[in-house]
Amino acid sequence: MKNSEIEIVFQPYGSRSKYPSGTIIMVAAKTLGVDISSLCAGNGTCGKCKIRIQRGTEGISSPTEKELKHLSQKELKAGFRLACQTKLRSSATIFVPERSRVGKQRLQTEGLNVPVKPSPLVTKHYLEITPPTLHNVRSDEDGLLDTLRIKHGLDNLRVDYETAKTLPIKLRKAEWNVTAVVSEKRIIDIEHGDTSERCFGFAVDIGSTKLAGFLMNLNTGHVVAVAARMNPQISLGEDVLSRISHVMMHGLNALRELHEAVVSSINEMIAECCEKANVGTGEIYELNFVGNTAMQMLFLEIWPQYTALSPYPPVLRRGIDVEAAQLGLTSHPRANAHYVPVIGGFVGSDSVADLMAIDMLNSEEIVMDIDIGTNTEIAVGNKDSILIVSCASGPAFEGMEIKHGMRAATGAIERISVDPDSLETHYRTIEDAPPVGICGSGLVEAPAELLKAGIINMTGRFNKEMAKKTDRVRTTPEGWLEYVIASKEESATDSDITITQADIRELQKAKAAIRAGAEVLLRRMKLTKDDITTLYVAGAFGNYIDAESARTIGLYPELPLDHIKFVGNTAGTGSRMCLISKQMREYAERISENVRYYELAVDPDFQSEYIKASFLPHQDMSRQPFVTELLKRHGRVP
Amino acid sequence: MDDDKNTKVFEKLTQAVITGDCAMAEEGANDVLNKGIPPYDAVINGLAEGMKVVGEKYEKKEYFLPEMLLSADAMYAGLNILTPHIKSEDKQKGKVILGVVEGDIHDIGKNIVKTMLTVAGYEVIDLGKDVPVAEFIEKAKSEGAKVIAMSTLMTPTLMSMKAVEEKLKDERLKGKVKTIIGGSAVSETWRANIGSDAFGADAMEAVDKIKALVSSITAAAEALKQEEKKTTDEK
């Protein structure tokens, strides 16, 4: 008999349900709200969704190639599999180990708060209109426009066709007491009675991995509700380039699919915020979007192929306005959606937002801005001239490609210190929970601490001799060295949490790309690090990095610590600023026009700078006087 | 004993490269010239041997870019002294056409492969970056090279590798000219998909696979020659 229905139980939750035979474990988990961690959204590439099959091992699919890459023989024998790869053909009990559970995520939605005086594009005006009489016959339109001109000083407005259709009914039903919704000289709606207090907009930061949405009161410029989601496009490609490749290979339907995926998540955030703040989606009249150039194209359904090929030209550079309804967004039917301008193919409106938040275009002093992410953008200059580069730094600092890497969530190790004498370690986790893995800020601190303690040297190599001094330094089954940060007993997982030689190499690659970008940029602008008065560090995990550790590994040019400012995720800040202020939209256009893009890959010095910057902190120690001092104190350099 | 003396010098060069010691490499190279050891032997058994160890350490993650840089510096320090003394007929193991494919301009990885190939004794025709599809094939024809090595960092430009493979087929060169692909965006799956002859996961593996490709071509050519000889003999 063919068994078409199976029962899957998830432990330790005890949730269970029936599924068709052949269901993928991850899919089943989702339907029950069992959150299994995943960075690659089911691609089988991140290896974070390890689960153990406790019962029902007879009906499971054999391990895929991807699983074999992430699971050791020992794990396979113990019943461990990847939830996103494994199909079940018989009833089973699945245990979700602590390390694969999603804790409360620290999705950074808040960035620098820059006070901006609201001057929204949409305004609402309560009107008491005198109805027409036989002695004074005027059109409904004139009644509306006259009142707006005389009482509110608004000139040259026009009634939208869609508004006109029901205008006569609405005016009379409301006994001529209505609220006009004015968007850029257009009357986009007429509402019953006085609704002028209820004027909302929605600002979005479209990140390649995370989405953040802000419901805002356009009259006051205040945020009334916030929501965050993972970017669902991840399931069609982990990074922006693989998403573009997906479109190139599968054509327009794939482009539509990517567009619809992100729109539906944005609609979810809108619904969530509206519910929290008791606002109707029809009360959202304006939306604003910020994101990198690939996100712009995939969100607006623009063919992205040629931007991904040298010389990487963007399709649209200027800001663009689209009817929100045309994009499938849930809001007022005549709401406008604005996408903030970009600078280049790899420098998007998220960078424009960065520079806007730190007001770089008006800066007298020379400043540098580094926005750390999978692509790291670096800008340097002042009001006279600004140059920007994009570095392919990769996702190592986000925990990808790192054995025990994870996002900033409950149980993530965010602070690490290593005692140079005992070689023992102290760490702190998010919410002081038992450790599950290491997040970005920990991944900056670990190499800095290991370097100071002499466990790794300036080339990033583990010192074999240290294995004789402490059990914490040991050899992995792959044959490379690693340092144990938390033992199996302390950790919430069933394995030790370590940082391996391979991890250090990945981090070196990422930091070398960033540092080399900064060095080449300075040279190109004929500046030195000493010309920089303030170094702004932006990016999802920017706020949490320890400035000194980052300096110790040479992540950025060496500056006194009080010159370094962390500004967090400014993309969201910029999106909010552009939602509530016309002037800020104009400012964004000016940034896009005036900031010049420089292609690092064609710079003759980039390669040698990259290799020099792959040392910890740098091969050229004359650029690192502070770190030289620091390492001297620790007896690491003579 | 001559061999013993040579071995010692070779070992010095090997160690100099492994530890990235330029002074020691120069000293070793001068020893080679002073003692009348054939400089080509010193490159192959000394410097190249050192780079081989470096490559192995690189694969084991023990070495990384910084160590590669130091070792390459030491290697070039020795090479600069020895090269002017190498007889030209000693130089050639084979020609390799190398480049970053059309649409991509990221070439650090390609340059590492170039260094490794050069020291292993190959003549590398470096076409640089953003190399048009046709140029790979034209160069292979005009240079008489039997191996084309292509690299890319970015996924969208994977398609350019496919275009080269297709053009090779169109020109009926597939099999006569072998290809190898590499770079961050490339995988064994992609190699199988486009029908390339080899995939090098890193610089070291690329050099090993290119060696294998060259010897398979040489073997095939030998076999063909034998075959032809047999046919002529039969006639």
When you check A:Val389 against the structure, is it buried (at least 24 other Cβ atoms within 10 Å of the Cβ) and among the aliphatic types (A, V, I, L, M), yes or no? yes
Out of (1) under 14 Å from A:Leu144 (Cα atoms); (2) in contact with a helix residue (DSSP H, G or I) (Cβ under 6 Å, 6 or more places away or on another chain), the odd one out for A:Ala212 is which? (1)
Residue by residue through region A:610-638, note down the ones that are facing another protein chain (nearest Cβ under 9 Å) and out of contact with any helix residue (DSSP H, G or I) (no Cβ under 7 Å at 6 or more places or on another chain). A:Lys612
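Please go through region B:196-233 and pick out each residue that is outside any helix (DSSP H, G or I) and over 22 Å from B:Lys167 (Cβ atoms). Outline the logic, then answer.
As a first pass, look at region B:196-233 and keep what is outside any helix (DSSP H, G or I): B:196-202.
Correct list: B:Ala201, B:Asp202.
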Identify, please: which residue in region A:499-521 is in contact with a strand residue (DSSP E or B) (Cβ under 6 Å, 6 or more places away or on another chain) and more than 14 Å from chain B (Cβ to nearest Cβ) and is, among those, surrounded by the most Cβ atoms within 10 Å (Cβ to Cβ)? A:Ala518
Go through region A:469-498 and give me each residue that's within 14 Å of chain B (Cβ to nearest Cβ) and not in a strand (DSSP E or B). A:Thr476, A:Pro477, A:Glu478, A:Gly479, A:Trp480
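Among the residues that make up region A:209-217, is at least one of them hydroxyl-bearing (Ser, Thr, Tyr), outside any helix (DSSP H, G or I) and modelled with pLDDT under 95? Explain how you work it out, then say what you get.
Within region A:209-217, the subset hydroxyl-bearing (Ser, Thr, Tyr) is A:209.
Filter again for outside any helix (DSSP H, G or I), leaving A:209.
Now narrow it down to the ones that are modelled with pLDDT under 95: A:209.
The answer is yes, given that some residue of region A:209-217 is hydroxyl-bearing (Ser, Thr, Tyr), outside any helix (DSSP H, G or I) and modelled with pLDDT under 95.
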Of the numbered conditions (1) of a type in the set (Ser, Thr, Tyr); (2) at pLDDT below 95; (3) closer than 30 Å to A:Arg523 by Cα, A:Ser422 fails exactly one; give the number of that condition. (3)
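Out of the residues in region B:148-181 meeting the condition of being part of a strand (DSSP E or B) and among the charged types (D, E, K, R), tell me which one is surrounded by the fewest Cβ atoms within 10 Å (Cβ to Cβ). I'd like the intermediate steps shown before the answer.
Kept after step one, since they are part of a strand (DSSP E or B), are these residues of region B:148-181: B:148-151, B:174, B:177-181.
Still in the list and also among the charged types (D, E, K, R): B:174, B:178.
Numbers: B:Lys174: 16, B:Lys178: 26.
Result: B:Lys174.
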Tally the residues that are outside any loop (DSSP other than H, G, I, E, B), touching a residue at least 40 places away in the same chain (Cβ under 8 Å) and closer than 27 Å to A:Lys582 by Cα, restricting the search to region A:164-185. 6
Which of (1) free of Cβ contacts under 8 Å to residues at least 12 places away in the same chain; (2) within 14 Å of chain B (Cβ to nearest Cβ) is the odd one out, the single condition A:Thr528 does not satisfy? (2)
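Select from region B:182-195 the residues that are in a loop (DSSP other than H, G, I, E, B), closer than 20 Å to A:Gly394 by Cβ and not hydrophobic (A, V, I, L, M, F, W, C) and list them in ascending order.
Correct list: B:Gly183, B:Ser184, B:Ser187.
Would a scan of region B:141-153 turn up a residue that is within 9 Å of chain A (Cβ to nearest Cβ) and under 21 Å from A:Asp605 (Cα atoms)?
Filtering region B:141-153 down to residues within 9 Å of chain A (Cβ to nearest Cβ) leaves B:153.
From the residues that got through so far, the ones that are under 21 Å from A:Asp605 (Cα atoms) too are B:153.
Looking for residues that are within 9 Å of chain A (Cβ to nearest Cβ) and under 21 Å from A:Asp605 (Cα atoms), one finds at least one in region B:141-153, hence yes.
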Given (1) within 14 Å of chain A (Cβ to nearest Cβ); (2) buried (at least 24 other Cβ atoms within 10 Å of the Cβ); (3) of a type in the set (A, V, I, L, M); (4) more than 20 Å from A:Ile504 (Cβ to Cβ), B:Val43 misses just (1)
Can you tell me which residue within region B:128-140, out of those that are assigned to a loop (DSSP other than H, G, I, E, B) and buried (at least 20 other Cβ atoms within 10 Å of the Cβ), is nearest to the other protein chains (Cβ to nearest Cβ)? B:Asp130
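Please note which helices (runs of 4 or more DSSP H) are completely contained in region A:526-629 and include at least 3 residues that are farther than 30 Å from B:Gly20 by Cβ and under 23 Å from the mean Cα position of the chain (by Cα). Even if it seems obvious, please write down each step before you answer.
Working: elements: A:547-552, A:570-580, A:582-594, A:606-613.
Fully inside region A:526-629 and qualifying: A:570-580, A:582-594.
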Filter result (over 18 Å from the mean Cα position of the chain (by Cα) and either buried (at least 22 other Cβ atoms within 10 Å of the Cβ) or more than 24 Å from A:Gly47 (Cα to Cα) (or both)) within region A:394-411: A:Ile402, A:His404, A:Gly411
For B:Gly28, indicate whether it is within 14 Å of another protein chain (Cβ to nearest Cβ) and modelled with pLDDT of 90 or more. no
Output the residue which, of all residues in region A:223-243 that are in contact with a Gly (Cβ under 9 Å, 6 or more places away or on another chain) and more than 14 Å from chain B (Cβ to nearest Cβ), is farthest from A:Met400 (Cα to Cα). A:Ala225
Members of region A:300-343 that are surrounded by fewer than 17 Cβ atoms within 10 Å (Cβ to Cβ), in contact with a Gly (Cβ under 8 Å, 6 or more places away or on another chain) and closer than 22 Å to A:Gly201 by Cβ: A:Pro333
If we keep only residues of region A:434-490 that are surrounded by 23 or more Cβ atoms within 10 Å (Cβ to Cβ) and of a type in the set (Ser, Thr, Tyr), then the residue nearest to A:Ile413 (Cα to Cα) is A:Ser441
Among the residues of region A:353-363, are any away from every other protein chain (no Cβ under 14 Å), crowded, with 22+ Cβ neighbours inside 10 Å, out of contact with any helix residue (DSSP H, G or I) (no Cβ under 6 Å at 6 or more places or on another chain) and among the small types (Gly, Ala, Ser)? no
Test: residue in region A:589-609 that is closer than 22 Å to A:Val347 by Cα, of a type in the set (S, T, N, Q) and within 14 Å of another protein chain (Cβ to nearest Cβ): yes
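Taking the residues in region B:154-169 that are within 14 Å of chain A (Cβ to nearest Cβ) and hydrophobic (A, V, I, L, M, F, W, C) as candidates, determine which candidate is nearest to the chain's Cα centre (by Cα).
Filtering region B:154-169 for residues that are within 14 Å of chain A (Cβ to nearest Cβ) and hydrophobic (A, V, I, L, M, F, W, C), the one nearest to the chain's Cα centre (by Cα) comes out as B:Met161.
Conditions (1) over 21 Å from A:Glu398 (Cβ atoms); (2) part of a strand (DSSP E or B), marked per residue:
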residue: A:Ala228; (1), (2): no, yes
residue: A:Ile244; (1), (2): no, no
residue: A:Val247; (1), (2): yes, no
residue: A:His259; (1), (2): yes, no
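Return yes when A:Gly574 is farther than 25 Å from A:Ala513 by Cα, among the small types (Gly, Ala, Ser), out of contact with any Pro (no Cβ under 8 Å at 6 or more places or on another chain) and away from chain B (no Cβ under 14 Å) and no when it is not. Write out each step before concluding.
On the way: farther than 25 Å from A:Ala513 by Cα: yes; among the small types (Gly, Ala, Ser): yes; out of contact with any Pro (no Cβ under 8 Å at 6 or more places or on another chain): yes; away from chain B (no Cβ under 14 Å): yes.
For A:Gly574, the condition - farther than 25 Å from A:Ala513 by Cα, among the small types (Gly, Ala, Ser), out of contact with any Pro (no Cβ under 8 Å at 6 or more places or on another chain) and away from chain B (no Cβ under 14 Å) - is met.
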State whether one or more residues within region A:133-146 are in contact with a helix residue (DSSP H, G or I) (Cβ under 6 Å, 6 or more places away or on another chain), assigned to a loop (DSSP other than H, G, I, E, B) and either in contact (Cβ under 8 Å) with a residue 60 or more places away in the chain or surrounded by 14 or more Cβ atoms within 10 Å (Cβ to Cβ) (or both). no
Considering only residues that are small (Gly, Ala, Ser) and either closer than 15 Å to A:Leu298 by Cα or without any contact (Cβ under 8 Å) to a residue 40 or more places away in the chain (or both), which ones fall in region A:325-336? A:Ala325, A:Gly328
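The values are calculated or read from the model by the stated rules, or taken from the named source; none is laboratory data. None of the values given here were measured: they were computed from a predicted structure. Don't worry about glycine lacking a Cβ; one is built from the backbone with ideal geometry, like all the others, and counts go over all protein chains shown.
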